[in-house]
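The values are calculated or read from the model by the stated rules, or taken from the named source; none is laboratory data. These numbers were taken from a predicted model, which means no experiment stands behind them. Virtual Cβ from ideal backbone geometry, glycine too; neighbours counted across all protein chains shown. The area values use the complete protein model at the heavy-atom level, side chains included, leaving out ligands, DNA and RNA. Shrake-Rupley method; radii C 1.70, N 1.55, O 1.52, S 1.80 Å.
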Amino acid sequence: MRPIEQAQSASDTLSPASTPGTPERKNPFFEPFDTPHGTYPFDRIRFEDFEEAFMEGIRRDKEQHERTVTNPERATFDNTLLCIDDDPFYYGLLERVSTVFSNMLHAETSDELDALAQKLEPILTQHANDIMLDKRLFERIKYVHRHHRRLTPEEKRLLDKVYQGFTRNGALLDEAGKDKLRQLSEEGAMLSLTFSQNLRKERKAFTLHLTSESDLDGLPERVVEAAAAEAAERKVDGWVFTLDAPSYGPFMKYSTRRELRQKMYMAYNTLCTHDNSENNIEICKRIVNIELEHAQLLGYKCLADFVLKQRMASNVRNVYKLLNQLIEAYKPTAEKELAEVQRLARRKEGKNFEMEPWDMAHYSYLLQMEKYNIDAEMLRPYFELTRVIDGIFGLATRLYGITFKENASIPVYHPDVKAYEVFDHDGSYLAVLYADFHPRKGKQGGAWMTSFQEQHINRKGENIRPHVAVVMNLTKPTESKPSLLSLGEVETFLHEFGHALHGIFANTRFESMSGTHVWWDFVELPSQFMENYAVEKEFLRTFAFHYQSGEPLPDELIDRIVKSRNFQAALGCLRQVSFGLLDMAYYTLREEFTGDLLDFEHEAWAKAIITKQVPGTCMTTQFSHIMAGGYAAGYYSYKWAEVLEADAFSVFKRHGIFDRATAQRFRDEVLSKGGTEHPMTLYKRFRGQEPTIDALLRRNGIRLPRKKS
């Protein structure tokens, strides 16, 4: 989210070790942070600080745990759930170091950090199990659950959440069951970590190195320049393309060299399937079986039954109802969209041309140009990153009255990262926002929002404000051009910023119910809601100016953006539904999975797949969401939340997309409440009714097929 900086590994970015003769330093995790707003002192954290802080944090955690379970006083909400007599800074060490470490593993890792994660994961998992499976602690929590003082609604929800958390983590099992659960959770944690590390390593290992200009045919100047910069950074001649989104996507879209598109496609879609140390096939099978064993040990038939107990969907039947409803609504249109691309390809290449998956992006681009004369490269000059930042921050100002001010004195974990102070409409401090925009060697692919500090009310009654981060892999600047984004990248920014607002506006008492700590089929509502603004003319006019001339994005071009917004919307919907079907297929299994992973995948999502499936390709081995990201039996959440956000945005469309009263109600009833109430209660309080699929269908221009009589 700036001039190109030399990418550094985490061990390079963190401060160097002390030199002989210098005064002995203290581990920065052990001291209160003397930084703006108590932000993490990344400039003082060194690699060797992590293990020391983890070990001491575990020791303090055990100490606090023993103080709680051996307390001779009758168990109460305060002395058992809140531990009000304990020092929150002293006993918060493990949480502090864990927060930084886990975020660095995704945003700025290194071989050293990866190795340390492998070493620490079993220790941390065992420690968590020691707490969750301690009968003494559960007996106190159970007593409080039955014999508590009069609680506020938020306290009652916390008590229920903690009690259910213990029971859902095996507190009611006998000792043999607890031992089995320990073994499963420890093995599963290690496998998920290895899955993620394998995927990052294999994705970063692949490059398409070109040395002939003829191989660049069709590629825009910006894409070629970025590939040249990548080659220079790697100290090779020519041009280098990678599997990072800003490189892979444009290559597949613009390149006329079909054999090279095939090479890129196959590299991307066979990640972690090869006969090497990064193969994830057996890891995925074991993860699926561990999740099944875990669920059945707790008395459920499958993982989905277990997971959906705490989701808006509530059961497997409702998930499939949504997915099948979307297939029924979108598939006829998707088939027409695909046929349209195939006709264009044959018109250009000959009537016998057989389109392959690596052709889809290219001929879809040509079709979009033919129909709407619109393309990402036309728009990029108007989406210069600094202006996009101003536009998106300005959108939040217009909706909620909040403002953003960069503060260079806030330490950051990499030179690419910027830190902003966020102020409320009355000028009061609201949050810190870190923004990390571009790909680099130690960074995972994709985009996400994370928290370094959750909002909560401390024991002194102070409202501790959040520190949140948006992390993306957007187009990097080159020697001759600043970072110029595609419309899709603007949508990605808006999406993650929506998550950030959910954290920034949090206003609850307890950290565990603050901000994005909501049920996972509700958490995508604020993020997907924000994506709507990407094609709103009134919003685009606020920031979309040509980076050289300063001319605004022409109205005629905006009109073409709006008209093309539903281009291949049905194909896009089916793609998401196919991922949801694959996820549910794995996690509704009731018997051990022993089959062929690739065959299972191709069969599982067949109902939503209308394009050719290439032998040897596999999504599962790189499907981080459901194998290592917590979305197991929950990927449907994206479509579930899309129904919610389309319905919610229809209210803004009716009252005005910048209407402050509607925005304030959305902030008050949804964004600030976190998980303090059932999500449908929150949504209905904002909307006045339960959502329907109608707004989504209208937005996408989809009509349900007529029923045959």
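Results, tabulated for the structure shown:
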| item | result |
| --- | --- |
| The chain, helix-only ellipticity at 222 nm - DSSP H runs n ≥ 4, -39,500 (n - 2.57), divided by all residues, nearest 500 | -16000 deg cm²/dmol |
| Among 162, 113, 209 - extreme Cα towards positive end, dipole of the stretch 104-212, charges at beta-carbon | 162 |
| Dipole in debye (nearest 20) - the chain, about Cα centre, beta carbon charges: Lys, Arg +1; Asp, Glu -1 | 2640 |
| Phi-based couplings in Hz for the stretch 497-514 (Karplus 6.51, -1.76, 1.60; Gly and Pro marked x) | 5, x, 4, 4, 4, 4, x, 4, 7, 3, 8, 10, 7, 10, 4, 5, 10, 8 |
| Modelled FRET efficiency - R0 35 Å, residue 335 with residue 301, Cβ distances, 0.05 increments | 0.50 |
| Gain on full stretching of the segment that runs from residue 346 to residue 655 - 0.36 nm per residue minus C-alpha separation | 106.6 nm |
| The stretch 93-208: C-alpha gyration tensor shape, a/c 1.5 cut-off, then a/b vs b/c | prolate |
| Estimated distance in nm for a label pair at residue 180 and residue 480, the labels positioned 7 Å out from Cα along Cα-to-Cβ | 6.6 |
| Solvent-accessible area, 1.4 Å probe, carbon plus sulfur percent, for the stretch 373-506 | 49 |
| Residue among 582, 632, 608 farthest towards the positive dipole end of the stretch 574-635, charges placed on Cβ | 608 |
| For the chain: accessible area per residue (Å², 1.4 Å) | 43 |
| J(HN,Hα) series, the stretch 551-566, from Karplus relation 6.51 cos²θ - 1.76 cosθ + 1.60, nearest Hz, glycine and proline x | 5, x, 4, x, 4, 5, 6, 4, 4, 5, 4, 4, 5, 8, 4, 9 |
| Total lysine pairs under 25 Å (Cα atoms) in the stretch 336-421, excluding pairs fewer than 8 apart on one chain | 6 |
| Separation of the residue 677 and residue 30 label points, Cα + 7 Å toward Cβ, nm | 4.6 |
| Signed unit charges on C-beta, dipole axis of the stretch 637-709, positive-most listed residue 692, 680, 641 | 692 |
| Charge dipole magnitude, Cβ of K and R +1, D and E -1 - the stretch 514-640, Cα centre, debye nearest 20 | 280 |
| Cα-based equivalent ellipsoid of the stretch 474-599: semi-axis lengths in Å, sorted from largest, via gyration tensor | 35, 23, 15 |
| The stretch 617-662 versus the stretch 547-573: alpha-carbon centroid distance in Å | 22 |
